[in-house]
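The values are calculated or read from the model by the stated rules, or taken from the named source; none is laboratory data. Everything quoted here is computed from the prediction, not taken from an experiment. Using ideal geometry, Cβ is built from the backbone for each residue, glycine included, and neighbour counts are taken over all protein chains shown. These accessible areas exclude ligands, DNA and RNA; they are computed on the full protein's heavy atoms, side chains included. Shrake-Rupley method; radii C 1.70, N 1.55, O 1.52, S 1.80 Å.
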Amino acid sequence: MNVKHVLKIQWEHILRYIYIKNWGRISDKTRVYLFESRDGASFTDSPRYIFNELMVRTDQTQSVFIWIYSRHSDLNDLKTTLPLIDDRVMFVMRDTIEYARALAKSNYLINNSTFPFWFIKHKNQKYINTWHGTPLKLMGFDLPDPRLNKNVLRNFLMADAIISPNQHMTNVLNYSYKLSNVYKGVISEIGLPRLDFTAGFETILSKQFNRSGLQFDKNKKTILYSPTYRGSDPDKSKDDIDKLVKDFEEMVGKLQNEYNLLLKVHPFIYRQVQENISKVHLVPDYVDINDLLNITDVLITDYSSVFFDFIHTGNPILFYVWDESDYKSERGLYFESTELPGRIVTNIDCLITTIKDNKTEVIESSLMNSMIVHDDGFASRRAVDLMSSLSNSYVENVSAQKKVLIVIGREKLSWNEGEKIKKISEVADVTILADDSIEVQDELKGYRILFVFGQPVKTNFEQLTGSLKGENREYQRILGMVDWDKIIVLDNQFASRLAFKKLGINFSSEF
């Protein structure tokens, strides 16, 4: 274990301690809103638009607004995205003592992704998860490894409300993330706040372009190339980036006389691409892509969900999918290429020829148009109204079907146990609780799986004494967001960590 990793663990321990000491100390006089987008890497996406709506409401003049920013980001860059900043607005660096305090004490929490593993929503907080778009790629338990979404599922189950842009996303939440029957909050299908109009976006972009050195000619049409992150195989990531850079340089060489060529890449690869692409074309990571879409004449993408946000412009979309068969088999998609609202091209020469020959006509798709049915420019207003209407307790949004939790911990199930679980699932909703370190058996992949991961959110004193307060908090972190009708424990040693007996929670060691 290297020194850097040891220091990180020690720092997380300090953050958890500060968080615990401030947890639940929520003001009943001043409304405090905490906004986090992409782990603090930007002030973009739906949290930005909800913030904009709150800032102009007359009943929010005494509120406090906290934006979280990453230590890896330039705060002055991030601030350029916000059209209105006054003395109500504060900025707090993520993973600091101030962050732990703010996360524990804010009245409203707005996030488009996830809070850390040590986050536990207090009953007097309201947590709104906006997520970040309509998925084209498979998500949740539709992916081969359910551990990839362990903290996503935990955050979803804690949220008072999850904002959904359309029926497709609602189905993904209910069935791909398996929220159906156990989620006690509300999935609010109100459209995407990030698709609302931002007054002054042209001025914002102009300042950002000048700040970063990006070249933009208002007399030319604009092509935006926005590919997704191909992160399924780390060994191929360099090859994928090399391919992206080579293709974009060819676009620039053959199209820049007629078009502005802009490249907006996934945040995960921005720093790597930055080393290889000129700043006159590479859009800074902190720029909100939805502002860019307003000045884009042709969008080129692949499997990114950005095209859903572009449909309402009525401008053409080109799907450049040079690795279509590989990507489909490795990651998987919810829609066939024939259902997409744009021309499909599979090599760079064809892509450039299609643009040069003006074969970029808009392709209508009734299925795709159904994805933006709620995007009328007022989703942010509906989101703020939703926040105001939420009570201090979860909205009951679960079925009458009994919910059974089976604690397998680190145990490998026998054939007989697997068959018994299968029989239970015929009459009840089954959730598996497992340690994060286990290899998930194929027989379990059809079930909802919660994982125990991260260090316990307890003080040293609570750890040593087995404090009931600490045990209850840890139970809430892992399981407290669901009301279980029955708990079956197959790994007693593992289950002791959850202190079922001490908390007075009934469980059985038999099916």
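Give me the dipole magnitude in Debye, nearest 20, for segment 299-339 about the Cα centre, with unit charges on the beta carbon: positive for Lys and Arg, negative for Asp and Glu. Could the numbers behind the result be given before it?
Values: 2 positive and 8 negative charges, 24 e Å.
Approximately 120 debye in magnitude.
What number results when the radius of gyration of the chain, computed over Cα atoms, is divided by 2.2 N^0.38 Å? Don't jump to the answer; show the numbers that get you there.
On the way: Rg = 23.9 Å, N = 511, 2.2 N^0.38 = 23.5 Å.
Rg over 2.2 N^0.38 Å, computed on Cα atoms: 1.02.
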Self-check item: On Cα atoms only, tilt of 468-478 relative to the major axis of the chain in degrees
Solution: 40 degrees
Self-check item: the chain: relative contact order in percent, alpha carbon pairs under 8 Å with at least 6 residues between
Solution: 16 percent
Exercise. Keeping the other protein chains in place, figure out the carbon and sulfur percent of the accessible area of segment 425-511, with a 1.4 Å probe.
Key: 45 percent
Practice problem: May I ask you to derive the relative contact order of segment 267-332, considering only C-alpha pairs under 8 Å and at least 6 residues apart, and to give it as an integer percent? | Solution: 25 percent
Quiz item: With labels modelled as points extended 7 Å from the Cα through the Cβ direction, what inter-label distance (nm, one decimal) is found for S27 paired with Q463?
Solution: 3.3 nm
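Per the 1.4 Å probe, what fraction of the accessible area of segment 238-365, in percent, lies on carbon and sulfur atoms? Kindly include the intermediate steps, with their values, before the conclusion.
Working: 2460 of 5500 Å².
In segment 238-365, the share of accessible area belonging to carbon and sulfur is 45 percent.
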Exercise. Compute the acute angle (0 to 90°) between the alpha-carbon long axis of helix 415-425 and the principal axis of greatest extent of the alpha-carbon atoms of the chain; round to the nearest 10°.
Key: 80 degrees
Quiz item: Each label point is 7 Å from the Cα along the Cα-to-Cβ direction; what then is the distance between the points at E426 and A400, in nm?
Solution: 2.2 nm
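Set the Förster radius R0 to 45 Å, insert the Cβ-Cβ distance between V280 and L367 as r into 1/(1 + (r/R0)^6), and round the FRET efficiency to 0.05.
On the way: r = 38 Å, r/R0 = 0.84.
In this case the efficiency is close to 0.75.
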Quiz item: Going toward the positive end of the dipole of the chain, with +1 on Lys and Arg Cβ and -1 on Asp and Glu Cβ, which of H374, V457, G409 do you reach last?
Solution: V457
Quiz item: Under a point spin-label approximation (7 Å from Cα along Cα-to-Cβ), what is the Q60-E439 distance to one decimal in nm?
Solution: 5.0 nm
Quiz item: How many Lys pairs in segment 323-467 lie less than 18 angstrom apart by Cα atoms, where the lysines are 8 or more positions apart or on different chains?
Solution: 13
Quiz prompt | For segment 72-140: relative contact order, % (alpha-carbon pairs under 8 angstrom, 6 or more apart) | solution = 24 percent
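Roll a 1.4 Å probe over the protein chains and send me the accessible area per residue for the chain in Å².
Working: 22790 Å² over 511 residues.
Computed with neighbouring chains in place, this is 45 Å² per residue.
In debye, nearest 20: dipole of the chain around its Cα centre with unit charges on the Cβ of K, R (+) and D, E (-)? It would help to have the intermediate numbers written out before the result.
Values: 64 positive and 67 negative charges, 424 e Å.
The dipole magnitude comes to about 2040 debye.
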Self-check item: Candidate lysines for bridging to K207, where Cα separation is under 22 Å - those fewer than 8 sequence places away on the same chain excluded
Solution: K79, K218, K220, K221, K264, K279
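Loop-only check: which trypsin sites (Lys or Arg not before Pro) in segment 1-76 are DSSP coil with at most 10 other Cβ within 10 angstrom?
On the way: sites: K4, K8, R16, K21, R25, K29, R31, R38, R48, R57, R71; in loops: R25, K29, R31, R57, R71.
Hits after loop and neighbour filter: K29, R71.
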Practice problem: For the chain, build the charge dipole from Cβ charges (+1 Lys, Arg; -1 Asp, Glu) around the Cα centre, then report which of T81, Y99, I20 sits farthest towards its positive end. | Solution: I20
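Please compute the Kirkwood hydrodynamic radius of segment 1-159 from all pairs of different C-alpha atoms, in Å with one decimal.
On the way: mean 1/r = 0.0598 Å⁻¹.
That comes to 16.7 Å for segment 1-159.
Report the charge-dipole magnitude of segment 394-511 in Debye, nearest 20, computed about the Cα centre from +1 at each Lys and Arg Cβ and -1 at each Asp and Glu Cβ. Mind showing how you got there, number by number?
On the way: 17 positive and 18 negative charges, 67 e Å.
For this selection, approximately 320 debye.
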